[in-house]
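Engineer: So that we are looking at the same thing, I have put the structure below in structure tokens.
The values are calculated or read from the model by the stated rules, or taken from the named source; none is laboratory data. Keep in mind that this is a model prediction, so the values were computed, not measured. Cβ atoms come from the backbone with ideal geometry, glycine included; neighbour counts cover every protein chain shown. Ligands, DNA and RNA are stripped out before the accessible areas are found, and what is left, the full protein with its side chains, is counted by its heavy atoms. Shrake-Rupley method; radii C 1.70, N 1.55, O 1.52, S 1.80 Å.
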Amino acid sequence: MAAPTTTAAPLVARGLTRTFADRRVLDGVDLVAAPGTRVGLIGENGTGKSTLLRLLAGRDAPDAGSVQVPDDLVYLPQEPAPGAEGTVGELLDDALRPLHDAVARLEHLAGQLSAGTDVAVAYDDVLAWAVGHDAWDADRRAEITAAALGVADLDRDRPVATLSGGERTRLALAAALVRRPACLLLDEPTNHLDDEALDLLERSLVDLPGVVVAASHDRTFLDRVATELVDLDAGALGTDGAGGRRFGGTFSAYLDHQARSRRRWEETWAAQQEEIARLRERTRTDLRSIAAGRGPTDNDKFVHAFKGAGVERARARRVHDAERRLEAAERDALPKPPAPLRFRGPLTGDDDGGSGLAVSVRGLRVDGVPGAPPRVAVDRLDVPVGEELLVTGPNGSGKSTLLAVLAGRLAPDAGRVDVGARRVALLEQDPDVGPLDRTAGAAYAALVGAVTAEEVPLRTLGLLHQREHGTPVGGLSVGQRRRLALAVAVAAGPDLLLLDEPTNHVSLRLASELEEALGQAPGTVVVTSHDRWLRARWEGPVLPLGGARPASRGQNGVGGGG
């Protein structure tokens with residue numbers, strides 16, 4: 001094994017520009033991060049977070065600009081490639097191999113030093129690298145990490161390609177955290193993770209000595225991990241008050257700065273437009289005055305010609321000056337603040353004053369593989385009409401399975417499930433919104449039906465910019481596809497809306513808007529979520545799965561397990 005380098009290298013990106021079709025996604029983006037810096041990338045869906053990470057990882061090439069990154073780099077995309085090669089054991093062994101090799105190399109060099117060979121420089125280099133990567137503790141750390149991320153029980157001989165998307169994500173994350181690379185690029189790393197896994201992820205990233213760049217919608221993660229934020233949707237005045245994208249503070253502080261930046265932009269733009277209107281009127285007034293005036297008498301023609309020429313020259317100078325100032329004001333004016341994309345549709349339809357239970361469950365059980373615990377088991381659950389219920393629990397506790405049963409997509413192996421709602425809609429974690437070559441607008445119409453698409457046009461919901469309605473589904477970001485699936489779910493005004501991790505992949509703004517909409521929904525909503533920000537602010541009843549004691553908060557008949 002060659003001696004690893006001990007030089008801590010920064011990540012440096014200058015002037016990155018990337019255009020797809022006729023849309024410029026990134027325009028001159030700079031990013032510099034020293035070792036120990038943890039950058040949180042934020043912005044609306046489609047503003048280029050995933051594109052920037054791909055450019056930094058070398059998976060895509062910029063149209064302009066340059067990238068310089070440490071050699072020891074690991075990149076984890078939102079959706080790991082389904083055709084990944086190798087087995088579970090091989091992937092984990094590959095992550096541990098550089099650490100084992102460093103320890104072996106160090107022992108070999110120590111032997112050479114004892115024999116009098118001059119290898120002190122190489123020994124110091126390998127020692128520093130091994131210490132920085134905590135190489136001696138690698139095996140124990142691998143066991144703890146795999147257990148916390150829920151991949152310890154995977155068969156080592158199982159091909160990675162046969163794993164689910166969530167399993168591939170957690171396995172790749174485990175390998176990256178064990179390896180402790182000099183540069184770690186993460187795209188929405190908190191998706192598919194439960195509380196134990198999130199806690200381990202955050203502690204591991206804070207402990208890394210290298211560079212971390214993570215695109216994330218997870219507000220608690222950003223608050224706990226990021227040393228600075230880069231807003232790719234910062235607007236004309238940025239978020240730091242100086243026209244930049246960077247913000248060196250917590251996410252909570254960023255929210256206040258973002259709101260103030262937006263107000264400054266709106267106020268500055270309004271003042272500039274007033275000045276432009278004043279200059280335009282001044283120019284028109286002076287132009288009209290040049291042609292005004294009466295003719296001179298015969299005895300006064302010489303004096304009038306002499307003085308009049310001076311007056312006209314003065315007026316012409318005023319007009320020219322006003323036109324020059326108008327041109328400068330129009331050139332330097334800020335762009336009009338775009339109307340922010342805001343979710344405007346109700347999550348559910350009106351329950352028409354209905355009463356009673358929207359959902360009633362008794363003795364529900366859905367079996368898993370023979371000999372294993374059931375996929376989900378709920379002894380008793382009653383959800384009154386118009387109530388919002390939060391379902392929590394670790395991965396594998398059956399949250400998604402419960403929603404599939406309530407939606408009628410999965411039959412239980414035992415028990416009774418009564419759903420009184422007339423219209424039921426389910427937002428899945430990995431929704432299928434149709435063929436990849438179909439446009440977003442056509443996909444919406446096909447999934448909700450022509451009548452609903454006409455009565456509730458996609459543009460009225462505030463979930464996708466109108467410019468994206470003609471984009472093929474395959475060209476949408478993961479977050480944009482989630483927005484489209486949410487539009488399909490709420491279009492017909494369901495009486496019972498089932499939301500499986502609704503804040504996964506979506507922008508920070510939409511996540512907040514969904515939380516507001518949950519409190520105003522007239523119908524019944526059942527939500528599963530690992531989102532700690534959402535759960536900390538939840539005021540309704542909670543159903544914990546996975547063996548925890550139910551938290552009823554006043555709800556009649558909530559009980560679960562499994």
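Engineer: Looking only at region 132-168, how many residues end up being open to solvent by 20 Å² or more (accessible area, probe 1.4 Å), polar (S, T, N, Q) and either at pLDDT 90 or above or not in a loop (DSSP other than H, G, I, E, B) (or both)?
Structural biologist: 1
Engineer: Related question: Please go through (1) touching a residue at least 12 places away in the same chain (Cβ under 8 Å); (2) out of contact with any His (no Cβ under 9 Å at 6 or more places or on another chain) for Ala115 and return the number of the only condition it doesn't satisfy.
Structural biologist: (1)
Engineer: Looking for whichever is surrounded by fewer than 19 Cβ atoms within 10 Å (Cβ to Cβ) and within 16 Å of Ala404 (Cα to Cα) here; the options are Asp432, Asp500. Which one fits?
Structural biologist: Asp432
One line per residue, one yes/no per condition, for (1) free of Cβ contacts under 8 Å to residues at least 60 places away in the same chain; (2) among the small types (Gly, Ala, Ser); (3) touching a Ser or Thr at 6+ places or on another chain (Cβ under 8 Å); (4) outside any helix (DSSP H, G or I):
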position: Ala421; (1), (2), (3), (4): no, yes, yes, yes
position: Ala425; (1), (2), (3), (4): no, yes, no, yes
position: Thr460; (1), (2), (3), (4): no, no, no, no
position: Gly474; (1), (2), (3), (4): yes, yes, no, no
position: Gly479; (1), (2), (3), (4): no, yes, yes, no
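Engineer: I need a count of the residues in region 61-79 that are open to solvent by less than 40 Å² (accessible area, probe 1.4 Å) and of a type in the set (Asp, Glu).
Structural biologist: Counting residues in region 61-79 that are open to solvent by less than 40 Å² (accessible area, probe 1.4 Å) and of a type in the set (Asp, Glu) gives 1.
Engineer: OK, next. What about Ala172, is it surrounded by 21 or more Cβ atoms within 10 Å (Cβ to Cβ), in contact (Cβ under 8 Å) with a residue 40 or more places away in the chain and farther than 26 Å from Leu55 by Cβ?
Structural biologist: No: the conditions fail for Ala172.
Engineer: Right, something else. Of the conditions (1) in contact (Cβ under 8 Å) with a residue 40 or more places away in the chain; (2) in a helix (DSSP H, G or I), Val121 fails just one. Which one is it?
Structural biologist: Here Val121 clears every test but (1).
Engineer: Could I ask something else about it? Yes or no: Leu486 at pLDDT below 90, crowded, with 21+ Cβ neighbours inside 10 Å and under 23 Å from Arg344 (Cβ atoms)?
Structural biologist: So Leu486 fails the test.
Engineer: Sticking with this structure for a sec: If Asp332 meets every condition in (1) modelled with pLDDT of 80 or more; (2) more than 30 Å from Arg509 (Cβ to Cβ) apart from one, which number is that one?
Structural biologist: The single condition Asp332 does not satisfy is (2).
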